[in-house]
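Let me begin by presenting the structure, written as structure tokens, before commenting on it.
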Amino acid sequence: MTDVFASSVFFQLTIGGNDLGEFHTCQGLGAQMEVEQFTEGGNNGFTWQLPSRITWSNITMTRPVTADSAKVVRWLNEVVRRVERKSGEIVALAPDGTPIMRWQVQGIVPVRWDGPSFDPADSQAAKETLEFAHEGLLAS
């Protein structure tokens, strides 16, 4: 662990073997299943609900700027040179660094990175946000 955070839970992000550091927030661990309705002739009691496609939500992670922020920029530059979907892992960690939950994330591609805004009039810590799309999650 490189930095100490005042958060009750934080998240370690690794993509394609690259440790991108810890993040304070992780949003978008979710999916939506499309359901097609099928009516069967002579059956007036119900309509069949048939699962179709699953759509995975983009994952957005946020943290204050740390020395690990450079790792994200290096990863983005690698993707710019050669777009290649890589798998990764998000680990929810307790404040003492003990893993709580792990998600294997398949086929990651970056969507957006917002670097910090520096405003001396604002007392908030400078933050960065990373958003990425993926092809699926496995929990362990």
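The values are calculated or read from the model by the stated rules, or taken from the named source; none is laboratory data. Because the structure is a prediction, the values reported are computed rather than measured. Note: ideal-geometry Cβ built from the backbone for every residue, glycine included; neighbour counts use all protein chains shown. Ligands, DNA and RNA are stripped out before the accessible areas are found, and what is left, the full protein with its side chains, is counted by its heavy atoms. Shrake-Rupley method; radii C 1.70, N 1.55, O 1.52, S 1.80 Å.
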How big, in percent, is the set of alpha carbon pairs in region 53-119 lying more than 15 Å apart?
-> 66 percent
Of all chymotrypsin sites (Phe, Trp or Tyr not before Pro) in region 81-131, the ones in DSSP coil with at most 15 other Cβ atoms within 10 Å are Phe118
Here region 52-68 yields Karplus 3J(HN,Hα) values (6.51, -1.76, 1.60; θ = phi - 60°; whole Hz; Gly and Pro given as x) of 10, 9, 10, 10, 8, 6, 5, 9, 10, 10, 10, 7, x, 5, 9, 4, 6
Residue-count net charge about Ala139 - beta-carbon cut-off 12 Å; Lys, Arg +1, Asp, Glu -1 = 0
Computed over all unlike Cα pairs, the Kirkwood hydrodynamic radius of region 39-86 in Å stands at 15.8 Å
Placing +1 on each Lys and Arg Cβ and -1 on each Asp and Glu Cβ in region 2-86, then taking the dipole about the Cα centre, the residue among Asn58, Gly17, Thr47 whose Cα reaches farthest towards the positive end is Gly17
Which whole-Hz ³J(HN,Hα) couplings does region 87-92 yield from phi under the Karplus relation 6.51 cos²θ - 1.76 cosθ + 1.60, θ = phi - 60°, glycine and proline marked x?
-> 8, x, 8, 10, 10, 7
Please report the Cα spread of the chain along all three principal axes, rounded to whole Å, starting with the longest.
-> 69, 37, 34
In order over region 125-140: 3J(HN,Hα) from phi, Karplus 6.51/-1.76/1.60, θ = phi - 60°, whole Hz, x for each Gly or Pro, gives 5, 5, 10, 10, 10, 10, 10, 9, 9, 7, 9, x, 10, 10, 9, 9
Helix 69-81 vs. the chain, principal-axis angle (Cα, 0 to 90°, nearest 10) = 60 degrees
Going by accessible area, probe 1.4 Å, with all protein chains left in place, what is the ranking of Met101, Met33, largest first?
-> Met33, Met101
